[in-house]
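Please read the structure below before turning to the comments.
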Amino acid sequence: MKRLTRIAPAAVLALLLIAPLGASAQGRVDPRFFGIYCQPRPQEFCKSIPVLPDPCRTVSEGRIRLEHDAVPAGGALRGGGSFRLSGDQAFLAVAGSVISLGRASFAASVPGLGDQTGSAALSSDGLELRATAQGRTLVLRKDACGNEAPVVTLTVPFGPTFPFGQHIFFDGRVVDEDTSFPPQRLLLRSTQAAGLSAVQIAGGKTPGFLGTLRPGTHRVTLTVTDSGGLTGRASVDVTVVDRPPETPVIFLPAEGATFSAGALALLQGHAHDPDTGFLPDASLAWSAQLVPGGPFVPLGGGRETTAVFADPADPVRLRLTATSTAGGGQSQAERTVRVAPGGGDASPVVAIREPDRLTVGGSLVRSYAVTETAHFVASAFDPEDAAGDLQLRWRFIALTGLDGVPDPAPPVPNPPDVTGSLTADVDFPPGGTIFYRVVFEATDSAGQSTTDSVQIVVSSNIIL
């Protein structure tokens, strides 16, 4: 049976490594305290007592394991170990708190000695711990336990350049005595982020990480800490490119359209970002150049907005500007329109709402099977006439192909017009695959007409 040896409090406390001193200690976290510490050499501690000879004891073979837990109060330290006091083996348990970076307070319990308190300091490289109690200091080191630091390599397959928004795979390799590493001891960081958002997708000695990075040049570092607290790291450079949005698409107004001064004008369009998808309303801005060569005046934002032009102007350049949500890259599209003098009858304002072209890329808005009823919805507004006084008409025109001209001899007759309604439910006849232009038109009491149109495709083929 091993004998528990009484040891001078200073030596015990020095041996005991840092650990939080109590719940009242409000410290910060410092995971570098984690690890196994050993004595690099024996140390002798002597009592200074006047008249009597100084009794001296030698502390050797000290070995302490510390755990670091991040708790609301800061970094909590706990652990224990063993040592020899003048040849006799003794054991201890320690607990404490991180009080600042590299510094901690601790309490140690040694059977037969009770509790002792002290402080500890960690070297900047995290290897050496100097534990002090009652004016005496014991030195312990992580690299004195026969452990080797992990050898780490980090690569980024398919890199080093990636578009913004793409998941990036980082391949880390570790050579170490340990056969596995918990996620908290595999840390992936970027120079442009406090902590890289990454998910460990493989364990053991070949950890893999998936993450996304904001635009710019990053040095990404993988830091691996083994069970003894020794650390290895490797870095790789990655460049994330923020591609500008694609050229915006303006649906309304049409090129060459005429507005009336003082009347409501409807502006509608969208833009697609190659990395993040369709841009939100906040990334779209409308403006107008009212005088050739003059400045562009803001009109509003979003995929749809309205504007009122106070004075006649010809020409007027409308611009839709799309701005990337990440790096601020921009692209623009323009329409040339005219603003006629007001005071007369303004044309109706119309738009096809269903199918919704604002969330679809390309000129083909919707595909239908002949087995389903196609449902269409429009909106119409006129400043002079009530909604019930407008003449409304839907037309369905077969085309020679996508973006083609009207087919003079379509495979099947075009569906009949639908009049007097903002909605239309149409059953298209079977005839293979046919592209249609769906046209909605509103005419006011003064004979002013406005149209809007979308392209669809109707297929007789049943898609399983």
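The table below gives the values:
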quantity: Any hit, the range 368-386, residues being under 19 Å from A442 (Cα atoms) and without any contact (Cβ under 8 Å) to a residue 40 or more places away in the chain; calculated: yes
quantity: Matching strands (runs of 3 or more DSSP E) fully within the range 92-148 where at least 3 residues are out of contact with any Phe, Trp or Tyr (no Cβ under 9 Å at 6 or more places or on another chain); calculated: 103-110, 114-122
quantity: Search result, residues across the range 248-278 that are of a type in the set (F, W, Y) and crowded, with 19+ Cβ neighbours inside 10 Å; calculated: F251, F259
quantity: Hits in the range 79-97 - residues which are closer than 27 Å to D226 by Cβ and either surrounded by fewer than 23 Cβ atoms within 10 Å (Cβ to Cβ) or in contact with a Lys or Arg (Cβ under 6 Å, 6 or more places away or on another chain) (or both); calculated: G79, G80, G81, S82, R84, Q89, F91, A93, A95
quantity: The range 229-241, residues that are surrounded by fewer than 20 Cβ atoms within 10 Å (Cβ to Cβ) and not β-branched (V, I, T); calculated: G232, R233, A234, S235, D237
quantity: Where a residue in the range 391-414 is closer than 21 Å to A442 by Cα and its partner, wherever it lies, is basic (K, R) and surrounded by 17 or more Cβ atoms within 10 Å (Cβ to Cβ), with Cβ under 7 Å and at least six apart; calculated: I397/R437
quantity: Unmet criterion (only one of (1) within 30 Å of R214 (Cβ to Cβ); (2) among the polar types (S, T, N, Q); (3) modelled with pLDDT of 90 or more) for S123; calculated: (1)
quantity: Subset of the range 327-341 [under 26 Å from A387 (Cα atoms), touching a strand residue (DSSP E or B) at 6+ places or on another chain (Cβ under 6 Å) and surrounded by fewer than 17 Cβ atoms within 10 Å (Cβ to Cβ)]; calculated: R338
quantity: From the options G126, G135, G102, residue that is in the same structural domain as H68 (by TED's automatic domain parsing), among the small types (G, A, S), in contact (Cβ under 8 Å) with a residue 40 or more places away in the chain and exposed (fewer than 13 other Cβ atoms within 10 Å of the Cβ); calculated: G135
quantity: Subset tally (residues that are at pLDDT 95 or above and more than 15 Å from I456 (Cβ to Cβ)) for the range 421-442; calculated: 5
quantity: Filter result for V12 (over 35 Å from the mean Cα position of the chain (by Cα), among the β-branched types (V, I, T), at pLDDT below 55 and closer than 27 Å to G146 by Cα); calculated: yes
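The values are calculated or read from the model by the stated rules, or taken from the named source; none is laboratory data. Because the structure is a prediction, the values reported are computed rather than measured. We place every Cβ from the backbone using ideal geometry, glycine too, and count neighbours over all the protein chains shown.
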